[in-house]
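So the structure is just underneath, and the comments pick up after that.
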Amino acid sequence: MCNKLILGDNLEVMKSMPFESVDLIYLDPPFFSNRNYEVIWGDKGEIRSFEDRWAGGIENYIFWLKERVRQMHRLLKPTGSLYLHCDWHADAYIRVQILDDIFGVKNFLSAIDWCYEDIGGKATNYFKRKKDTIFFYSKSNSKRRVFNLQYKPLSESTMTRYGSYFDEKGQITYQKLKEVSPGAFAKLKGIPEDLNKVWLDKTKGQPLGDWWIDITAIRKGFTEAIGYPTQKPEALLERIIKASSNEGDVVLDPFVGGGTTIVVADALNRKWIGIDQSVQAVKVSEMRFLKVRSAYGNSIVNSYILKLHKYDIDDLTGMNAFEFERWIITQFDGEANIKQRSDGGIDGKTKDNTPIQVKQSKNIGRNVIDNFKSATSRADKQLFEKNIKEGKPVGYIIAFSFSKGAVEEVARLRNTENIIIKLVRVDEIIEVSNKPKLVLDFTEKGRDTNSDVVVQISASAKSDAGIEFYSWDFSYNEEGGFNAELMLEPTGKIERAFAPGEYHIACKVVDADGLENIEIVKLRVNGFVLRV
């Protein structure tokens, strides 16, 4: 399964996903704060979802969230787990009316308190609220449920107090403590006499409880901050993903937001699916993911599929042929052939193993039909004959368009030989459009205190769908690709000071359909600015 980043209503997307196909789900849904700042991105998809949630107060919010959690329960494997992140506004409702009802009280494992004490926030007549709750539930009580115990570092006082109790492996077990200091063991209430469980480990630390005070909330200026107001720390997701999944497992985040879950899951060699109804959320998540990929290198990153509402026709025709085959077959809900050569004319298959061929071109001719007919009979003669007998397609050909001769040959095969070959246009699988147009211009604005030249760079973009945002890369390198330094900029106008030298500056614009375009300007600065 490929990694997937999907633009859409998570309820509808999850309904289309296979039963028990996910190992771990983390969700950070919009909190029931009843404040307009819950609309973070401000695009049409998010505003529509916001209005749906608030139409009927808390009851409507619970209904809205519950039908989604019900789908998550369906998607989880019996060995899987769910972590739901919320705050005090609706945590009691969520636990009792949603999670206990769907997962069952017996599958409740923890209510984790993530605490983030700081000096911010106002509270004059109550204690400041400085924690979120993360509810941890299992799909079932299966003994094979994935859980990898996490540890926190031992404090200096703990090492001083218990240093003499560690054995040659650097561990303190309850049994070891009992042998060395019966009095100390006796103070640990409720410990069975025969329990030999590891209690402290010099290397790993102390088993982590449900009180997390060692992970700081994201603040402005943090290295990983992308300007997303409710962005969660990578360390928080790393802990959850390590605890309740193994390498190769599938992690789902149905409210992907700023992309923290998919970035961490990918770095930990998990497969992932991220969903959001906001174009901005999905595109920012993709840019963040690609930026991390560039930093770590391709060795940690598998291929991924970006699913939007529309796709640019020029990008599709210019895509690497093998990548296009895999991508369009996946969009067609098929499985691509991993071979790039000697595939016998078969590029993939449907879920019932019916062959698929892909042509990344227009006006496909009659000869393609003849060759594909032979390829399908050779690939699996028994299936070929079975499909003919049952009046089913023996294969599918996907292309941008087909010639009159190809269409006529398909009709002839059906009428005279009962052989059905389905011709599928790309625009029948996905909606195609044109990416936004983009032009960059620059103006000198003077000098700063260091005598560097201040330049205003203006991006002028047009799209029938409307423009969502701009991103900027101030040291663009063609080989490394676009690497956003300013990821979410709404105006298309920036000012920046430049010391003498040559600069390659790239701007990416994203429209309301999720389509994008990049324009690059090369500037040479030496007392003045020259566009080269």
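The values are calculated or read from the model by the stated rules, or taken from the named source; none is laboratory data. All figures in this text were calculated on a predicted structure; none of them were measured in a lab. Cβ: placed from backbone, ideal geometry, glycine included. Neighbour counts: every protein chain shown. SASA here: full protein model, heavy atoms, side chains in, ligands and nucleic acids out. Shrake-Rupley method; radii C 1.70, N 1.55, O 1.52, S 1.80 Å.
Data table
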| item | result |
| --- | --- |
| Residue in region 133-149 that is free of Cβ contacts under 8 Å to residues at least 24 places away in the same chain and surrounded by 10 or more Cβ atoms within 10 Å (Cβ to Cβ) present | no |
| Residue tally, condition crowded, with 20+ Cβ neighbours inside 10 Å and either among the polar types (S, T, N, Q) or touching a residue at least 60 places away in the same chain (Cβ under 8 Å) (or both), over region 458-474 | 5 |
| Verdict on Glu408 being within 25 Å of Ile346 (Cβ to Cβ), acidic (Asp, Glu) and either open to solvent by less than 50 Å² (accessible area, probe 1.4 Å) or in contact (Cβ under 8 Å) with a residue 24 or more places away in the chain (or both) | yes |
| Pairs, first farther than 10 Å from Gln206 by Cβ in region 152-165, second open to solvent by less than 40 Å² (accessible area, probe 1.4 Å) and of a type outside the set (A, V, I, L, M, F, W, C), C-beta under 7 Å, six or more apart | Tyr165/Ser181 |
| Selection from region 252-298 of residues that are assigned to a helix (DSSP H, G or I) and among the basic types (Lys, Arg) | Lys283, Arg288, Lys291, Arg293 |
| Count of region 443-457 residues which are surrounded by fewer than 14 Cβ atoms within 10 Å (Cβ to Cβ), part of a strand (DSSP E or B) and β-branched (Val, Ile, Thr) | 1 |
| Evaluation of Asp210 against (1) touching an Asp or Glu at 6+ places or on another chain (Cβ under 8 Å); (2) within 26 Å of Met487 (Cα to Cα) (one fails), failing number | (2) |
| Extreme residue, nearest to the chain's Cα centre (by Cα), among residues of region 220-254 that are touching a residue at least 40 places away in the same chain (Cβ under 8 Å) and over 28 Å from Arg144 (Cβ atoms) | Lys232 |
| Meets criteria (open to solvent by 60 Å² or more (accessible area, probe 1.4 Å), modelled with pLDDT of 60 or more and not β-branched (Val, Ile, Thr)) for Glu51 | no |
| Checklist (1) in contact with a Lys or Arg (Cβ under 8 Å, 6 or more places away or on another chain); (2) open to solvent by 90 Å² or more (accessible area, probe 1.4 Å) applied to Gln382, failing item | (1) |
| Residues of region 412-432 classified as touching a helix residue (DSSP H, G or I) at 6+ places or on another chain (Cβ under 7 Å) and closer than 12 Å to Lys310 by Cα, total | 4 |
| Only listed residue being closer than 30 Å to Phe289 by Cβ and not aromatic (Phe, Trp, Tyr), chosen from Gly190, Gly221, Gly183, Gly163 | Gly221 |
| Complete set of residues in region 3-27 that are assigned to a loop (DSSP other than H, G, I, E, B) and modelled with pLDDT of 95 or more | Phe19, Glu20, Ser21 |
| Residue list for region 62-110, restricted to those being of a type in the set (Val, Ile, Thr) and either crowded, with 21+ Cβ neighbours inside 10 Å or under 15 Å from Lys139 (Cα atoms) (or both) | Val69, Thr79, Ile94, Ile98, Ile102, Val105 |
| Positions within region 192-219 being without any contact (Cβ under 8 Å) to a residue 24 or more places away in the chain and either surrounded by 14 or more Cβ atoms within 10 Å (Cβ to Cβ) or part of a helix (DSSP H, G or I) (or both), in sequence order | Ile218 |
| Residue selected from region 385-405 under the condition free of Cβ contacts under 8 Å to residues at least 12 places away in the same chain and over 19 Å from Gly345 (Cα atoms), by the criterion surrounded by the fewest Cβ atoms within 10 Å (Cβ to Cβ) | Glu390 |
| Positions within region 319-375 being outside any helix (DSSP H, G or I), within 15 Å of Val410 (Cβ to Cβ) and either among the acidic types (Asp, Glu) or open to solvent by 80 Å² or more (accessible area, probe 1.4 Å) (or both), in sequence order | Asn363 |
| Lone qualifier among Asp100, Asp113 - being free of Cβ contacts under 8 Å to residues at least 24 places away in the same chain and under 25 Å from Leu65 (Cα atoms) | Asp100 |
| Region 475-506, subset open to solvent by less than 20 Å² (accessible area, probe 1.4 Å) and assigned to a loop (DSSP other than H, G, I, E, B), residue modelled with the highest pLDDT | Gly492 |
